[in-house]
Amino acid sequence: MAAPTAAGADPQALSWYEATARQRVLALTDPGSFTEFMGPTERRMSPHLPLFDLPRAFDDGIVVGRARLDGKPVLVAAQEGRFMGGAFGEVHGAKLIGLLRAALDVRPAAVLILFDTGGVRLQEANAGETAIAEAMRAIAQVRAAGVPVIGLVGGRAGAYGGGGLIAGTCSRLAVSEAGRISVSGPEVIETNRGAEEFDSRDRALVWRTMGGKHRRLIGGADAYSDDTVAAFRAAALDLIGRAPAFDLATLDSEQARLEARIARFGDCRDATEIWARLGVNDPEAVPAMTTAAFDETVARVTEAHHDAR
């Protein structure tokens, strides 16, 4: 399969943001180890989209299967943001839920979810919302069984809507600069609260509020990655090795940190105000920081090492 790099280029140098879901999976996992479940040849497509005269995808916008990562067995799901924004529908959701339930039987070293989604398809809203809830429950069951669930967020669509909720249930999250995470998207906030509250056309504001650097600084993500497959692979391996326990103590700690976060930052009007309260010396410089400079900043911020979503 052709990648968006020069012929013969190292697939590890592939841009995560530019790659397709299948390219990400094949380049992320050990060469030749990926076996796809319910691939395009099986034609498991949405039964609902033809009712709206909308095109379908043979894999319904998600790639699932088993592979190895540095020799360890893993299960992998990768959403295709180029098809309907990676949105959840009936078949799309069922494939993810089935993969998670399979993890309870095969007990892999980890489940990897490569998020690239705007949320739920409006054309399949009921099925999509049900899939979100079932996926969250399945992740809780997988984590309780001792299998870490690692989310990787760096695609075109980010992890919005129900995708943001599912990301919040993962054991650990790695994000890139493009890895926006939020339950409500910019346009949704503007529609409901007005442009004075949140101007969805202000791309700098969107990235400051929902982007990877902000999520990493406040502890909503556990690793910040460059936009390459190699960087995401290294992050995934690191996060698998330090996934937290899934028990009442962990949940109580996360809840306490969320309450503390609201109390500390609830009156802030911009992410730069939050960064200043976190102790970042030059908040205005954060968006333009290199990865190395940003990593140094993160190391000095206590909040960044919490695992509250």
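The values are calculated or read from the model by the stated rules, or taken from the named source; none is laboratory data. Because the structure is a prediction, the values reported are computed rather than measured. Counting neighbours? That spans all protein chains shown, and the Cβs are built from the backbone with ideal geometry, glycine included. The area values use the complete protein model at the heavy-atom level, side chains included, leaving out ligands, DNA and RNA. Shrake-Rupley method; radii C 1.70, N 1.55, O 1.52, S 1.80 Å.
Treating r as the C-beta distance of Ala125 and Thr191 and R0 as 25 Å, the FRET efficiency rounds to 0.90. Loop-located trypsin sites (Lys or Arg not before Pro) across the stretch 194-242 with a Cβ neighbour count of 16 or fewer within 10 Å are Arg201, Arg242, with loop assigned by DSSP.
Extension gain for Glu273-Ala13 works out to 90.1 nm (0.36 nm per residue, less the C-alpha to C-alpha distance).
Taking a ≥ b ≥ c as the square roots of the eigenvalues of the Cα gyration tensor, an a/c ratio below 1.5 marks the stretch 126-279 as rounded. Spin-label model, Arg82/Phe58: points 7 Å from Cα along the beta carbon direction are separated by 1.4 nm.
One equal scatterer on each Cα of the stretch 226-303, no solvent, Debye formula: the resulting log10 I(q)/I(0) at q = 0.19 Å⁻¹ is -1.07. Here are some values of log10 I(q)/I(0) by the Debye sum over Cα atoms at q = 0.09, 0.12, 0.15, 0.16 Å⁻¹: [x] -0.61, -0.97, -1.24, -1.31; [y] -0.43, -0.78, -1.24, -1.40; [z] -0.67, -1.00, -1.27, -1.33. Which one was computed from this structure? Comparing each candidate, only [y] matches the computed number. About the centre of its Cα atoms, the chain shows a dipole size close to 640 debye [charges on the beta carbon of Lys, Arg (+1) and Asp, Glu (-1) only; nearest 20 debye]. Pick from Leu239, Leu26, Leu251 the residue whose mean-square fluctuation is largest in a GNM of the chain, springs joining Cα atoms under 10 Å. Per the Cα network of the chain with a 10 Å cutoff, Leu251 tops the list. Residues in the chain average 44 Å² of solvent-accessible surface per residue, probe 1.4 Å, ligands and nucleic acids excluded.
One chain, two ends: Ala256 and Gln141. Fully extended at 0.36 nm per residue, the span grows by 39.2 nm beyond their Cα-Cα distance. Element breakdown for the chain at a 1.4 angstrom probe: carbon and sulfur atoms account for 53% of the accessible area. I need the P(r) histogram for the stretch 50-206: all alpha carbon pairs, bin width 5 Å from 0 out to the longest distance, whole percents. Reading upward from the zero bin: 2, 10, 18, 22, 19, 14, 8, 5, 2, 1, 0. The stretch between Asp30 and Asp70, if pulled fully straight at 0.36 nm per residue, gains 13.8 nm over its current Cα-Cα span.
Each label was represented as a point 7 Å from its Cα along the Cα-to-Cβ direction; for Leu237 and Phe265 these points are 3.1 nm apart.
Measuring spread by the Cα atoms of the stretch 146-217 yields a radius of gyration and Dmax of 12.7, 45 Å.
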